[in-house]
Amino acid sequence: GDVASQHDEL
Amino acid sequence: MNIFRLAGDMTHLASVLVLLLKIHTIKSCAGVSLKTQELYAIVFATRYLDIFTSFYSIYNTLMKLVFLGSSFSIVLYMKYHKTVHRSYDREQDTFRHWFLVLPCLLLALLIHEKFTFLEVLWTFSLYLEAVAILPQLVLLQRTRNIDNLTGQYVFLLGGYRGLYILNWIYRYFTEPHFVHWITWISGLVQTLLYADFFFYYSQSWKNNKKLQLPA
């Protein structure tokens, strides 16, 4: 995945 | 955002609210492990450093602030609020939680997706979160009388982890390239730690009895 969607979770 | 992820986040939020309700309203933290709460404060402080570097959504930022604020205020309440502190089961809450921190840090230095400061800390927070519930589970086992709120708190926390697994399965099949082994394995380990608790919780619920864990 791209960096932007990497850590979209909590 | 899928329904499992949203339900997971809401369950997580509910667990924190239940705990704050107990501490703030009843002014008691009986049966709550300060060790686990300290570990969670470290987990969120190291994971959410990206508030300053990347923006995903208002929802994402707000939730991060809520989890940071609540975890630190719970720790402060338990340590420094006179009435709350008096109800703390200090003698029972003896898990050597600092010994969990170093292995998690070493593991994060060894196994990570990218070797950058933020990424290693993020990975460390995943490992630490996986085991952070251990002092709480040990304390529950030692506490003779588990009150409903404490039981519900742990139940909701476990539920949040379970829902996140469903969320990952859903994302794996709906989003191309959604593969995060480190997150998945540590999330799975964390959820498995609750299995025993869930068993006794459901038993007590089914038999309409007070929750009691075997020693």
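No value in this document is a laboratory result; all are computed from the given coordinates. Remember, predicted model here, so these are calculated numbers, not experimental data. Glycine gets a Cβ as well: all are built from the backbone with ideal geometry, and neighbour counts include every protein chain shown.
Here are the numbers:
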| read-out | value |
| --- | --- |
| Amide N of segment B:1-22 lying under 13 Å from the label point, which is placed 7 angstrom from the Cα of B:Leu62 along Cα→Cβ | B:10 |
| Mean Kyte hydropathy of -1.0 or more with a Cα span along the axis of at least 24 Å, helices from DSSP in chain B | B:3-25, B:58-80, B:148-174 |
| Dipole magnitude of the protein assembly as shown about its Cα centre (Cβ charges: Lys, Arg +1; Asp, Glu -1), debye to nearest 20 | 980 |
| Efficiency of FRET from Cβ geometry, B:Tyr80 and B:Phe178, R₀ 45 Å, rounded to 0.05 | 0.60 |
| Among the listed pairs B:Lys79/B:Lys206; B:Lys35/B:Lys82; B:Lys64/B:Lys206; B:Lys79/B:Lys210; B:Lys79/B:Lys209; B:Lys22/B:Lys79, those beyond 24 Å (Cα-Cα) | B:Lys79/B:Lys206; B:Lys64/B:Lys206; B:Lys79/B:Lys210; B:Lys79/B:Lys209 |
| In range of the label at B:Gln212: residues from segment B:133-148 whose backbone nitrogen is under 15 Å from the point 7 Å along Cα→Cβ | B:141-148 |
| Solvent-free Debye scattering, log10 I(q)/I(0), computed from the Cα coordinates of segment B:8-142 at q = 0.18, 0.20 Å⁻¹ | -1.05, -1.22 |
| Inter-centroid distance (Cα atoms) of segment B:61-95 relative to segment B:138-215, Å | 21 |
| Förster-model FRET efficiency, 25 Å R0, B:Tyr170 and B:Asn145, C-beta, rounded to 0.05 | 0.05 |
| Chain B: relative contact order as a whole-number percent, Cα under 8 Å and 6+ apart | 31 |
| Candidates B:Thr83, B:Thr143, B:Thr191: whichever shows maximal mean-square fluctuation once chain B is modelled as a Gaussian network with Cα springs under 10 Å | B:Thr83 |
